[in-house]
Amino acid sequence: MKRYSLIAVAVAVFAAGCSFEPKYERPAAPVAAAFPASGVYATQPTTTSADTAGGRAAVDIGWREFFTDPRLQQLIQIALANNRDLRVSVLNVEAARAQYRITRAQLFPTLDAQASKSVQRTPKDLSFFGQTISQQYQVGLNTSWELDFWGRIRSLKDQALEQYLATAQARKAAEISLVSQVAQQYLQVLAVDDLLKITDDTLKTAEASYSLTKLQFDNGTGSELDLRQAETVVEQARANREAQARARAQAENALVLLIGQPLPADLPPGRSLDDQRLLTDIPAGLPSDLLTRRPDIMEAEATLRAANANIGAARAAFFPKISLTGSFGTASPTLGGLFKAGSAAWSFAPQIALPIFEGGRNVANLDLANVQKRIEITNYEKAIQSAFRDVADDLAARSTYDSQIQALQRTTFAQSRTLDLSQLRYKNGVDSYLQVLTAQTNLYTVQQSLINARVARLDNLVNLYVALGGGWIANTGETPRPADAPDTAGAASGVAGKNSG
């Protein structure tokens, strides 16, 4: 009994073996230790009690608190359940999980049941006692096991695990991105609505001016030049309105694509562009925080870990493969004799395969694994640098949009007064119609610039929220679910098919 125990311990130690995986060390972040804080970055946006983050990090703020428009909240919820790109991301996670399980299964012995019958004819000159036909029945169990002494299979298992984790982080990044895309497309729809409104107002004003100018021309008190200038403003406004109506329809189509279904008729009332109270003072933290907040960085690091594990598998390929195969069962020349005494049959065949000459394939595989790791290190560093730039750009924009909008508001007021005064002077014969035309054009232009600046400011706040890792949880205070959490919405709709098969 003691001898068998020693053998079992020896086999276990032998199977545990060693590993040729290099020790993983996270590359240093190739960015500054802090985000820029001087110049335009020093100016902080104005906040109210309704739009402050209260010092909480973006990852701790649910998107329902960040986006307070009830119409937008419902659109985001619909998109998370129906968006096809997100469903593909979830299914990719399931595929990577299955691939990991396939690779991990190679660590364990296989056991198969087998039953067979063989019939053989031997030439009469070579047969014994004239028996030319012989047959054999066999039933038993076959087993095989590769002893992973050098860690080749374990390295492949680690590689598959890290690829699975990388795919899960890619799914998380896709979901966060979808939240921001729906929000920004919704804001774009609101912006086009505002552009249509000012275009309609401009068109009404231009048509009134054209009517007055035409009356003066018909009565002989106005020039054809003034008439054609007034007509130009009217037709330009009409052309702009058609272009904006087209943009409005296309913006809504893009929103429908994102949510994965037609816009429901029972959506709650939404808020105007000016009433979108997004959180404006989310703290940026340190660049090192992005390593645990940004799923794209975590995806890049998991891919790097997978490449690191692949080196272990490539190194282990230089060493012998040790496998054990065996079978146990019964064999008999007749079916009825399979289970009679003395019919037991077994075999045990240990095997060692040592690579001697393979045309340099193993060397090339190891070189390739090392190069791939260097590539993934570069990709990881680039992901950090891109994340740093995203946050820095958004911080710079956040610090300047409020002042820009205030300046455009003052300019809009000034241009509106200029138009009123120009029309008054034209009616009294002091100025030509060119002054009215210029004032109308300038007012219309600055009104469009103001709307574009407002939607750009909101887009910037959304981008900063996402760049800092926000958008994964729906409600503040929730425990974040794992990146590889099942797609319950997709499963409920029968698309993901988690329980099928």
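The values are calculated or read from the model by the stated rules, or taken from the named source; none is laboratory data. This structure is a prediction, so every number in the text was calculated from the model and none was measured. Ideal geometry is used to build each Cβ from the backbone, glycine not excepted, and the neighbour counts take in all protein chains shown.
Looking at the stretch 285-303, which of its residues are among the hydrophobic types (A, V, I, L, M, F, W, C) and within 17 Å of TRP472 (Cα to Cα)?
LEU290, LEU291, ILE297, MET298
Please go through (1) within 20 Å of GLN423 (Cα to Cα); (2) part of a helix (DSSP H, G or I) for ALA251 and return the number of the only condition it doesn't satisfy.
(1)
Name every residue in the stretch 269-291 that is out of contact with any Asp or Glu (no Cβ under 7 Å at 6 or more places or on another chain), of a type outside the set (Asp, Glu) and either free of Cβ contacts under 8 Å to residues at least 24 places away in the same chain or under 26 Å from ASP200 (Cα atoms) (or both), in order of residue number.
Correct list: PRO269, SER272.
Filter the stretch 65-90 down to residues that are of a type in the set (D, E, K, R), touching a Gly at 6+ places or on another chain (Cβ under 7 Å) and in a helix (DSSP H, G or I) and give me whichever is surrounded by the fewest Cβ atoms within 10 Å (Cβ to Cβ).
Among those that are of a type in the set (D, E, K, R), touching a Gly at 6+ places or on another chain (Cβ under 7 Å) and in a helix (DSSP H, G or I), it is ARG84.
Just to check your reading of the model, which residue among SER134, SER209 is in a helix (DSSP H, G or I) and among the hydroxyl-bearing types (Ser, Thr, Tyr)?
Only one candidate qualifies: SER209.
I need the full set of residues from the stretch 400-416 which are over 29 Å from LEU437 (Cα atoms) and buried (at least 18 other Cβ atoms within 10 Å of the Cβ), in order please.
TYR401
Say whether the condition of being of a type outside the set (Val, Ile, Thr), farther than 19 Å from GLY470 by Cα and in a helix (DSSP H, G or I) is met by at least one residue in the stretch 283-293.
No: the stretch 283-293 contains no residue that is of a type outside the set (Val, Ile, Thr), farther than 19 Å from GLY470 by Cα and in a helix (DSSP H, G or I).
For SER422, all conditions in the list (1) surrounded by 14 or more Cβ atoms within 10 Å (Cβ to Cβ); (2) in contact (Cβ under 8 Å) with a residue 40 or more places away in the chain; (3) of a type in the set (S, T, N, Q) hold save one; what is the number of the exception?
Status for SER422: all satisfied but (2).
Please work out which residue is surrounded by the fewest Cβ atoms within 10 Å (Cβ to Cβ), limiting yourself to the stretch 238-255 and to residues that are over 15 Å from GLN188 (Cβ atoms) and of a type outside the set (D, E, K, R).
ALA239
Results for (1) part of a loop (DSSP other than H, G, I, E, B); (2) modelled with pLDDT under 90, shown as yes or no for each residue.
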residue	(1), (2)
ALA15	no, yes
GLY54	yes, yes
ASN92	no, no
ALA96	no, no
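Determine if the stretch 420-428 includes at least one residue that is under 27 Å from ILE198 (Cα atoms), in contact with a helix residue (DSSP H, G or I) (Cβ under 6 Å, 6 or more places away or on another chain), of a type in the set (A, V, I, L, M, F, W, C) and at pLDDT 90 or above.
No: the stretch 420-428 contains no residue that is under 27 Å from ILE198 (Cα atoms), in contact with a helix residue (DSSP H, G or I) (Cβ under 6 Å, 6 or more places away or on another chain), of a type in the set (A, V, I, L, M, F, W, C) and at pLDDT 90 or above.
Suppose the filter is closer than 19 Å to SER177 by Cβ and loosely packed, with under 14 Cβ neighbours inside 10 Å; does ARG101 pass it?
No.
Search the stretch 256-282 for residues being over 22 Å from GLN77 (Cα atoms) and surrounded by 13 or more Cβ atoms within 10 Å (Cβ to Cβ), and hand back the single one that is nearest to the chain's Cα centre (by Cα).
Per the stated criteria, the residue is ILE282.
Report the residue count in the stretch 419-477 for those that are under 48 Å from the mean Cα position of the chain (by Cα), under 19 Å from GLN236 (Cβ atoms) and of a type outside the set (A, V, I, L, M).
Within the stretch 419-477, residues that are under 48 Å from the mean Cα position of the chain (by Cα), under 19 Å from GLN236 (Cβ atoms) and of a type outside the set (A, V, I, L, M) number 10.
Specify the residue that is modelled with the lowest pLDDT; the eligible residues are those in the stretch 474-485 that are surrounded by 11 or more Cβ atoms within 10 Å (Cβ to Cβ) and under 19 Å from LEU165 (Cα atoms).
Of everything passing the filter in the stretch 474-485, ALA485 is modelled with the lowest pLDDT.
Would the stretch 363-370 turn up any residue that is in contact (Cβ under 8 Å) with a residue 24 or more places away in the chain and assigned to a strand (DSSP E or B)?
No, that holds for no residue.
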